[in-house]
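Comments concern the structure below.
Rule-based calculations on the coordinates, nothing more; no lab input. Note that the structure is predicted; figures quoted are calculated from it, not measured.
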Amino acid sequence: MPLILTPHITDPDGFYEELIASQRDLSDEQADMLTTKLVLILANHVGEREVLREAIALARSNTLAGGRAAAPR
């Protein structure tokens, strides 16, 4: 299964609102912990190491580019 780079989330705005709401009233440390736990839960769900490797590389390159790099197609 290749990494899906096209929009794939049903109701992305609703998902984003839920994600932000999940961090409300948390300290920065707690919000970071929640995000880390969510990443690990979803990584376990995906399960395929090559997909996870590609996702890590994409997130890292995007981060190093200051969040401006577009996802490769």
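If you line up the long axis of helix 12-22 against the longest principal axis of the chain, both from Cα atoms, how many degrees apart are they, to the nearest 10?
Here the helix axis deviates by roughly 40 degrees.
Output the 0 to 90 degree angle, nearest 10, between the alpha-carbon long axis of helix 28-46 and the longest principal axis computed from the alpha carbons of the chain.
For 28-46 against the chain, the angle is about 40 degrees.
Among rounded, prolate and oblate, which fits the stretch 7-50 when a ≥ b ≥ c are the square roots of the eigenvalues of its C-alpha gyration tensor, a/c under 1.5 means rounded, and a/b larger than b/c means prolate?
oblate
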